[in-house]
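Here is the structure we will look at, set down as C-alpha cells.
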Amino acid sequence: MASATVPVCLNRRVEQRRRTALRAQPRCEVWAELDSLLAKRELAAGGEAEQAALALVRTLQAEGEMRRFGAGRLVPRRDYTLADLRLHGIQADRFLAPRDSTLETVRTQATAALALGLLALSATAHPDTSAVLFSGVAATAAVVADQVAGGKIEAVVLDFLGRMLRCGQSCMWPCNFR
C-alpha cells in the first residue's frame, strides 16, 4: 500500500489541530487513542496506523507527558562477573536451572539391569568365546553409532524407561504394573 505524499503545510496544520485536541482531551482518552492505534493490524506493515502512533507519541513527548519514553536505550547494559555477584552477596547457583537427576537414576538402573541380565545369560547359556566377542563388538558398534548420531536411540529408551519407572503427572503409560 503506497501512501501519497502530503504537503508539509498540511502536515503542520494537522499537527497543530492534533496538539490542540490533545490539550483538551483527558489523559485516559489520549492513552486509549494510542492503544487503539497500536492494536491495529496495519502497525506491522508500517502503514498509516504506525505513522499516527509515532506522531502521537512524539506529540506527547514534546508536551512532557511521556518523558521517559525511549530513555531505556541510553542506559548501558552491564554484564556482571561471578566476582561481582559474590561481592554483592548474590549466589550465582540460584540463577541456574535446577538439576534433574531422574534420567541419571534411570540410566544407572538400566545399566545395572543389563549387567545382571548378561551375567544371568552367561551363567545359564554358557556361550562360547566367539559368541561373547561377537556380541560385545556388535553392542559396542551400536552404542558408538548411536552416540555419533546424537544419542537419539539412547534418549528414546531412557525416556521410555523413565516414564515407565517414574510415572508422574505427565505419564502417558498406565502405572498399574508397579
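Every number in this text was worked out from the coordinates using simple rules, so none of it is lab data. The shown structure was predicted, so the numbers you read here are calculated from the model rather than taken from an experiment. Quick reminder, even Gly has a Cβ in these numbers, built from the backbone with ideal geometry, and neighbours come from all protein chains shown.
What to note about this one:
- Rounded if a/c under 1.5, otherwise prolate or oblate - the range 89-132, Cα gyration tensor axes: prolate
- Full extension of the chain between Asp84 and Glu154 yields a length gain of 21.2 nm, computed as 0.36 nm times the residue separation minus the alpha carbon distance.
- For the peptides 56-62, 97-103, the ranking by mean Cβ contacts within 10 Å, running from highest to lowest, is 56-62, 97-103.
- Placing R0 at 30 angstrom, the Cβ-Cβ distance between Leu119 and Leu96 gives a FRET efficiency of 0.15 after rounding to 0.05.
- Rounded to the nearest 0.05, the FRET efficiency derived from the C-beta distance between Ser130 and Leu161 at R0 = 45 Å is 0.90.
- Pair Glu65, Asp146: separation of 7 Å Cα→Cβ label points (nm): 6.5
- Backbone phi angles across the range 53-65, fed through the Karplus curve with coefficients 6.51, -1.76 and 1.60 (θ = phi - 60°), yield HN-Hα couplings of 5, 5, 5, 5, 5, 5, 5, 5, 5, 5, 7, x, 6 Hz in residue order; Gly and Pro are listed as x.
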